[in-house]
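Encoded as structure tokens, the structure appears first; notes follow it.
Only the coordinates and a few stated rules stand behind these numbers; no lab work does. Worth saying up front: this structure is predicted, and the values here are computed from it rather than measured. Quick reminder, even Gly has a Cβ in these numbers, built from the backbone with ideal geometry, and neighbours come from all protein chains shown.
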Amino acid sequence: MKIDINSDMGEGFGRYTVADDAALMEVVSSVNVACGFHAGDPQIMASTVKTAKARGLGLGAHPGLPDLAGFGRRNMALSAAEMENILIYQLGALRAFGEAFGYPVTHISYHAAFGNMATADRALADVLTSAIKAVDKDLVVYSMPDTEVERSAQAAGLRTMQLFLADRAYRADGSLVPRGVPGAVLHSREDVATRVLRFIERGEVVTIDGETIPMRGRGILVHSDTPGSATLAKIVRETVEAAGVTVAPAYTFAD
């Protein structure tokens with residue numbers, strides 16, 4: 001069995017940094033790179049792509065809404081056509097860096113509110129899926145399981161990677177607990193290790209209310225802006241490998 005451990009990268013801007021990307025890239029197998037809308041800039045993107053290439057990591061676009069001040073976590077009143085062009089613009093930017101440095105983009109993972117909007121609207125998800133397929137039909141689409149994003153990508157014949165979020169609490173319906181709710185973001189090393197092992201061995205997760213629900217996935221995400229993310233990612237990898245699972249980029253094994 002193989003698992004892709006990935007993290008959202010390059011989410012600083014200018015002289016400001018959000019996480020220890022260098023330390024994270026020593027641990028993860030794939031990176032989801034901010035493309036300049038919710039975070040990131042040309043210099044950060046270039047540096048991230050170069051490091052990903054040097055370490056042989058899966059390279060993915062992490063498109064978000066054009067909301068730098070809100071870090072892409074606030075919904076915006078945008079048409080499907082606007083969302084489509086926002087996606088194409090950001091994916092194209094990262095692909096240009098990949099081509100310049102001789103390293104291909106292999107996947108795409110929506111950021112925050114951008115992904116939430118697509119998850120809640122199949123028609124929008126289909127528009128975005130069509131855009132991805134038009135740019136590169138070989139891209140792996142990362143998503144949470146049993147969402148409109150996943151169903152849309154699979155219906156279009158694209159490969160998908162279902163994500164388990166190691167550092168976020170779940171509700172009974174399988175959705176994430178909103179970030180403003182106490183306990184929504186996990187910081188405990190012990191809690192993260194326990195959750196990851198349960199996910200691998202049993203394919204389930206305990207919700208914030210103590211209910212056990214099934215959790216399907218072949219990828220584990222650690223958010224880079226979670227405090228101590230590099231340490232948490234290391235714990236995730238140690239837990240996965242101790243369970244006898246191989247860590248590898250999703251594009252090498254995704255359905």
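Of everything in the stretch 70-110, what is surrounded by fewer than 17 Cβ atoms within 10 Å (Cβ to Cβ) and under 19 Å from the mean Cα position of the chain (by Cα)? Give them in sequence order.
G70, R73, R74, N75, I88, Y89, G92, P104 - these are the residues of the stretch 70-110 that are surrounded by fewer than 17 Cβ atoms within 10 Å (Cβ to Cβ) and under 19 Å from the mean Cα position of the chain (by Cα).
Somewhere in the stretch 221-243, is a residue acidic (D, E), part of a helix (DSSP H, G or I), over 17 Å from the mean Cα position of the chain (by Cα) and surrounded by fewer than 21 Cβ atoms within 10 Å (Cβ to Cβ)? Show your work before the answer.
Looking only at the stretch 221-243, we keep the residues that are acidic (D, E), and these are 225, 238, 241.
If we keep only those that are part of a helix (DSSP H, G or I) too, we end up with 238, 241.
Next cut, over 17 Å from the mean Cα position of the chain (by Cα) only: 238, 241.
Retained after the next criterion (residues that are surrounded by fewer than 21 Cβ atoms within 10 Å (Cβ to Cβ)): 238, 241.
Yes.
Collect the residues in the stretch 29-54 that are under 20 Å from A112 (Cα atoms) and either exposed (fewer than 15 other Cβ atoms within 10 Å of the Cβ) or touching a residue at least 40 places away in the same chain (Cβ under 8 Å) (or both), keeping them in residue-number order.
S30, N32, V33, A34, C35, G36, F37, H38, M45, listed by residue number.
Restricting to the stretch 184-216, name every residue that is among the charged types (D, E, K, R), closer than 23 Å to A230 by Cα and in contact with a strand residue (DSSP E or B) (Cβ under 7 Å, 6 or more places away or on another chain). Quick ask: steps written out before the conclusion?
In the first step, residues of the stretch 184-216 are kept if they are among the charged types (D, E, K, R); the result is 189-191, 195, 198, 201-202, 204, 209, 211, 216.
In the following step, the residues that additionally are closer than 23 Å to A230 by Cα were identified as 189-191, 195, 198.
Result: R195, R198.
Please count how many residues of the stretch 18-75 are hydroxyl-bearing (S, T, Y), in contact with a helix residue (DSSP H, G or I) (Cβ under 8 Å, 6 or more places away or on another chain) and farther than 27 Å from A125 by Cβ.
1
Among the numbered criteria (1) hydroxyl-bearing (S, T, Y); (2) over 22 Å from L165 (Cβ atoms); (3) out of contact with any Lys or Arg (no Cβ under 8 Å at 6 or more places or on another chain); (4) in contact (Cβ under 8 Å) with a residue 24 or more places away in the chain, which single criterion is violated by Y103?
Condition (3) is where Y103 drops out.
How about the stretch 1-25: which of its residues are more than 24 Å from A113 (Cα to Cα), under 18 Å from the mean Cα position of the chain (by Cα) and either surrounded by 24 or more Cβ atoms within 10 Å (Cβ to Cβ) or free of Cβ contacts under 8 Å to residues at least 40 places away in the same chain (or both)?
Taking the stretch 1-25 as the starting set, the residues that turn out to be more than 24 Å from A113 (Cα to Cα) are 1-3, 15, 22-23, 25.
Then drop every residue that is not under 18 Å from the mean Cα position of the chain (by Cα), which leaves 2-3, 22-23, 25.
Residues satisfying the conditions are I3, A22, M25.
Given the condition closer than 16 Å to G60 by Cα, among the hydrophobic types (A, V, I, L, M, F, W, C) and buried (at least 22 other Cβ atoms within 10 Å of the Cβ), answer yes or no: does some residue in the stretch 168-180 qualify?
Narrowing the stretch 168-180 to residues closer than 16 Å to G60 by Cα: none.
No - not one qualifying residue is present in the stretch 168-180.
Output the helices (runs of 4 or more DSSP H) that fall wholly within the stretch 92-209 and possess 2 or more residues being hydroxyl-bearing (S, T, Y), or say none.
Details: elements: 112-119, 122-135, 148-155, 189-202.
Counting at least 2 such residues, we get 122-135.
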